[in-house]
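Peer 1: Dropping a structure here in structure tokens format, bear with me for questions.
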Amino acid sequence: MNYESPSRAWVDVDLEAIAHNLDIARQALPGTALMPVIKAGAYGHGLEPVARRLDNDGIAFFGVANAGEARRLTRAGVRTTPFILGPSFPEEREEIVANDWCCTLSTVEEAAHFQSLAAAAEKEFVCHFAVDTGMGREGFLPEQLGEAAAAVAAMPNLRVEGVMSHFPAADEDVPFTQQEIGLFTDCVNTLSSHFDLRYRHIAASAGELGYEIPVANLARPGLLLYGIAPMASIYDGVLKPTLRLSSRISLIRELPAGHGVAYGRTYITDRPTKVATIGIGYADGWNRRLSGQGARLYINGCYCPMLGRVTMDQIMADVTDVPEVQPGDIAELIGEHIPATEVAEKAGTIVWEILTGLGPRLPRLYH
Ligand SMILES: *Cc1c(COP(=O)(O)O)cnc(C)c1O
């Protein structure tokens, strides 16, 4: 996986901070089971190391995106059941049943396929109903639920032990989300006459922070685990940062005033400038949309403006005012001094994209 020298650009991951943030979620949600969401390589932190650290930590499931991620957990010897959040392809389902990974049902046809695979394997397959209360991504529509539940309840090798939905706008539209909680509660009531629903879940980080959801008893925190609250909350100040993105200065040069920096010459020096070339670029996930948006780096105790466009493997920064700066010095790009949320804002995107965009070329170092 690490096909670059660790001294060029890398990610430091604090696994204890992730465990701490999970504890914070646990304390804030007494009586609620937890599904830490570790899809997309645990939001850039590394799938297996994060799973190993949190495994057996009193959690119900690990939330993963797809069968490939579930397979990686099983191969890594992780004991907690992977919960596949997205739909599966027909050719993946035999493996899902064979490994007892949990997944959701969105159609009766899907359920019938799982039923036949479970029957062939002579086993009971445990799964959750997905309902679409507004996201438009997966699940049964509420009005289809009664009929679908009756059909699935007649499938002898399936055991529906849960129901899930997902808020589309918990951090943007409070009235819609409150209405949605009511709708989800109705869905739970409908399904309860057919199944013994051990788990009822709808909230990701923003839902957990902002709402009372009496019907739910399982929560799916993602971003929260990685030290970031998606909305102002009681969690502010108690979550610990989990990741630092660093790179090193490979070269320092003095450029005269009036000299362009990087592709397109969008930045022209307005004075003699000490320019550092730094070994990270958009191929590592340092988003190219940060170009010209006032992104800054933290070098030897000073904030330094990034200059011009992000290139594939390198960026430039103005280090004129940094005392005693030399090649080899470390630049912080995300961390204690530069929050990932600031980077997301400057790139015109959300912090989830910044974290999950950290590329495979960046070695992850665990502490
Ligand atoms: C990604 C995801 C989560 C976690 O979301 P956060 O906002 O990062 O907490 C929870 N549930 C589902 C279905 C998801 O896709």
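Peer 1: What's the tally of Lys pairs in the chain whose alpha-carbon atoms lie under 27 angstrom apart, where the two lysines are 8 or more places apart or on different chains? Please list the in-between numbers first.
Peer 2: Values: K39/K240; K39/K346; K240/K346; K274/K346.
Lysine pairs meeting both conditions in the chain amount to 4.
Peer 1: Pick out, in residue order, every one of the GluC sites (Glu not before Pro) in region 302-355 that is DSSP loop and has at most 16 other C-beta atoms within 10 Å; say none if there are none. Don't skip to the end; give the middle numbers.
Peer 2: On the way: sites: E324, E332, E336, E342, E345, E353; in loops: E324, E336.
Sparse-neighbourhood loop GluC sites (Glu not before Pro): E324, E336.
Peer 1: Under 1.5 on a/c is rounded, so check that first for region 50-192, then, if it is not, pick prolate when a/b is larger than b/c and oblate when it is not; a ≥ b ≥ c are the square roots of the alpha carbon gyration tensor eigenvalues.
Peer 2: The shape class here is oblate.
Peer 1: A further question follows. Could you tell me whether region 1-77 comes out rounded, prolate or oblate from its Cα gyration tensor? Rule is a ≥ b ≥ c as square roots of the eigenvalues, rounded for a/c under 1.5, then prolate if a/b exceeds b/c, otherwise oblate. Don't jump to the answer; show the numbers that get you there.
Peer 2: Numbers: a/c = 2.62, a/b = 1.50, b/c = 1.74.
Oblate shape, in that a/c is at least 1.5 and b/c is the bigger or equal ratio.
Peer 1: Using a basic spin-label model with each label point 7 Å from the Cα along Cα→Cβ, how many nm lie between E254 and V174?
Peer 2: Taking the simple label geometry, E254 and V174 are separated by 5.8 nm.
Peer 1: To the nearest Å, what is the center-to-center distance of region 122-142 and region 77-104, using C-alpha atoms only?
Peer 2: After rounding, the separation between the Cα centres reads 14 Å.
Peer 1: Would you work out if the chain is rounded, prolate or oblate? Take a ≥ b ≥ c from the square roots of the eigenvalues of the alpha-carbon gyration tensor; rounded if a/c is under 1.5, else prolate when a/b is larger than b/c, oblate otherwise. Could the numbers behind the result be given before it?
Peer 2: Values: a/c = 2.53, a/b = 2.18, b/c = 1.16.
Cα axes put the chain in the prolate bin.
Peer 1: Please identify the GluC sites (Glu not before Pro) of region 54-159 that satisfy two criteria: DSSP loop assignment and at most 11 other Cβ atoms within 10 Å. Which are they? Display every interim value, and only then the final one.
Peer 2: Numbers: sites: E69, E91, E92, E94, E95, E109, E110, E122, E124, E138, E143, E147; in loops: E122, E124, E138.
Loop-located and lightly packed - E122.
Peer 1: If you rank R137, R71 by fewest surrounding Cβ atoms within 10 Å, what's the result?
Peer 2: Details: R137 13, R71 17.
By the 10 Å Cβ count, ascending, the order reads R137, R71.
Peer 1: Give me M164, M155 ranked fewest to most by other Cβ atoms within 10 Å of their Cβ, as a rough exposure proxy. Let's see the in-between values first.
Peer 2: Details: M164 22, M155 18.
The fewest-first ordering by Cβ neighbours comes to M155, M164.
Coordinate-derived values only; no laboratory data. None of these values were measured; they are calculated from a predicted model. For neighbour counting, all protein chains shown are included, and Cβ atoms are generated from backbone atoms with ideal geometry for every residue, glycine included.
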